[in-house]
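Trainee: Have a look at this one before I ask anything.
The values are calculated or read from the model by the stated rules, or taken from the named source; none is laboratory data. Since we're looking at a predicted model, the values are computed, not measured. Cβ atoms come from the backbone with ideal geometry, glycine included; neighbour counts cover every protein chain shown.
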Amino acid sequence: MNVVAFNGSPKGAESNTHVIVDAFLEGAAAAGADVENVFLAEKNIAHCLGCFQCWSSPTGECVQKDDMADLIETYAAADIVVLATPLHNDNVSSHLKVFIDRLLPLADPYFAVDKNKETIHPSRGGRIPKFVMISNCGFPEKSHFQVLHLLAERMARNYKTEFVAEIYRGGGAWLKEPSLDEAVARYRNLVKLAGEEVVTQGRLSGETKAHLELPLIPSPDYIEIYRTTVNRYWDGVLGGRT
Ligand SMILES: Cc1cc2nc3c(=O)[nH]c(=O)nc-3n(C[C@H](O)[C@H](O)[C@H](O)COP(=O)(O)O)c2cc1C
């Protein structure tokens, strides 16, 4: 089984997103999968021109010659694709969005109708990977991932596949906070387990999903503590507001 992660953080290997992706891939590899990690920020991927030339060409080739041809091959060889992103304006990062847009050659230009009588493009055939969404964000609450969850539902429909796991972590600044090393290590072990489960069972168990959603630190005041520490950080950078 091939598991490929496409990380859309502009910070690549230094990203908070990578803290999660790395653990997920470690778990997937421990369960026997071949894993690959792609930092989209290191790739040359132009914006989709919207010209539909890929749909006019029998080979589905894009007119733009950049890294995307290789990345589509990597994507198409995957059994599981991890779409990983920091939350930017409640949405995926622009790096990941450009990558997703450039997957257009994989769809067939014709219109068909899905089981809910909604219009859809058929796929061009070939293997369709299952998806995993991984994200972290600066705000502490889970509610900030509402758009991403809806996007996952729509992408599963558009790509005729399913999301076998969605791993969302609010309060992402804490993923690299040295004083929280132990808590982050515990969280990463849970993410590793998620990677193992997705490979061995094809899904996330209810128990792992529930554990992944617990706060990083077991305090009823963790949201307030997080806000205070972030504000203190900015006081340090800006010399305080008052
Ligand atoms: C352009 C931009 C937009 C952002 N928008 C949001 C947002 O809508 N909600 C949020 O909670 N955090 C937002 N953030 C904060 C990032 O999600 C947060 O810093 C995250 O931990 C970065 O992850 P990374 O290190 O993987 O890039 C934004 C950050 C940037 C740079």
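Trainee: Restricted to the stretch 134-176, and to residues that are touching a residue at least 12 places away in the same chain (Cβ under 8 Å) and of a type in the set (D, E, K, R), which residue is farthest from residue 218 (Cα to Cα)?
Mentor: Checking each candidate, the answer is 160.
Trainee: Which of (1) surrounded by fewer than 18 Cβ atoms within 10 Å (Cβ to Cβ); (2) within 21 Å of residue 17 (Cα to Cα); (3) more than 15 Å from the chain's Cα centre (by Cα) is the odd one out, the single condition residue 158 does not satisfy?
Mentor: Condition not satisfied by residue 158: (2).
Trainee: Regarding residue 22, is this residue at positive phi and within 16 Å of the ligand (Cβ to nearest atom)?
Mentor: no
Trainee: Does the stretch 105-116 contain at least one residue that is among the acidic types (Asp, Glu) and in contact with a His (Cβ under 6 Å, 6 or more places away or on another chain)?
Mentor: Yes: the stretch 105-116 contains one or more residues that are among the acidic types (Asp, Glu) and in contact with a His (Cβ under 6 Å, 6 or more places away or on another chain).
Trainee: Identify the single condition in (1) outside any helix (DSSP H, G or I); (2) farther than 18 Å from residue 210 by Cβ that residue 134 does not satisfy, given that it satisfies every other one.
Mentor: (2)
Trainee: Limited to the stretch 58-87, what total is found for residues that are under 30 Å from residue 142 (Cβ atoms) and touching a helix residue (DSSP H, G or I) at 6+ places or on another chain (Cβ under 7 Å)?
Mentor: So the count comes out to 8.
Trainee: So how many residues does the stretch 85-103 have that are surrounded by 17 or more Cβ atoms within 10 Å (Cβ to Cβ) and away from the ligand (no atom under 16 Å from the Cβ)?
Mentor: Number satisfying all stated conditions: 3.
Trainee: I would also like to ask the following. Quick check on my filter: what residues within the stretch 169-180 are of a type outside the set (A, V, I, L, M, F, W, C) and either crowded, with 19+ Cβ neighbours inside 10 Å or in a loop (DSSP other than H, G, I, E, B) (or both)?
Mentor: 169, 170, 171, 172, 177
Trainee: Sticking with this structure for a sec: Look at the stretch 143-184 and say how many of its residues are under 27 Å from residue 14 (Cα atoms) and of a type in the set (S, T, N, Q).
Mentor: 3
Trainee: Taking only the stretch 186-223 into account, find how many residues are part of a helix (DSSP H, G or I), closer than 24 Å to residue 130 by Cα and among the charged types (D, E, K, R).
Mentor: Residues meeting the conditions: 6.
Trainee: Given the criterion buried (at least 21 other Cβ atoms within 10 Å of the Cβ), farther than 14 Å from residue 79 by Cα and more than 14 Å from the ligand (Cβ to nearest atom), identify the matching residue among 27, 8.
Mentor: Checking each option against the conditions leaves just 27.
Trainee: Shifting gears a bit: Among the residues of the stretch 63-97, which ones are more than 20 Å from residue 151 (Cα to Cα) and of a type in the set (A, V, I, L, M)?
Mentor: Passing the criteria: 63, 68, 69, 71, 72, 76, 77, 78.
Trainee: To continue, here is another question. Restricting to the stretch 145-185, what's the tally of residues that are within 16 Å of the ligand (Cβ to nearest atom), of a type in the set (A, V, I, L, M) and under 26 Å from residue 3 (Cα atoms)?
Mentor: Within the stretch 145-185, residues that are within 16 Å of the ligand (Cβ to nearest atom), of a type in the set (A, V, I, L, M) and under 26 Å from residue 3 (Cα atoms) number 7.
Trainee: Can you name the residue in the stretch 30-57 that is loosely packed, with under 14 Cβ neighbours inside 10 Å and not small (Gly, Ala, Ser) and is also nearest to the chain's Cα centre (by Cα) among such residues?
Mentor: Among those that are loosely packed, with under 14 Cβ neighbours inside 10 Å and not small (Gly, Ala, Ser), it is 42.
Trainee: Could you tell me whether any residue of the stretch 118-129 is at pLDDT 95 or above and assigned to a helix (DSSP H, G or I)?
Mentor: Within the stretch 118-129 (the criterion being at pLDDT 95 or above and assigned to a helix (DSSP H, G or I)), the answer is no, since none of the residues qualifies.
Trainee: Determine which single condition residue 78 fails, assuming it passes every other condition in (1) more than 16 Å from the ligand (Cβ to nearest atom); (2) out of contact with any Pro (no Cβ under 6 Å at 6 or more places or on another chain); (3) in a loop (DSSP other than H, G, I, E, B).
Mentor: Every condition holds for residue 78 apart from (2).
Trainee: Test of understanding: among 142, 130, 115, which residue is more than 17 Å from residue 3 (Cβ to Cβ), surrounded by 13 or more Cβ atoms within 10 Å (Cβ to Cβ) and more than 10 Å from the ligand (Cβ to nearest atom)?
Mentor: Within the list 142, 130, 115, the selection yields 142.
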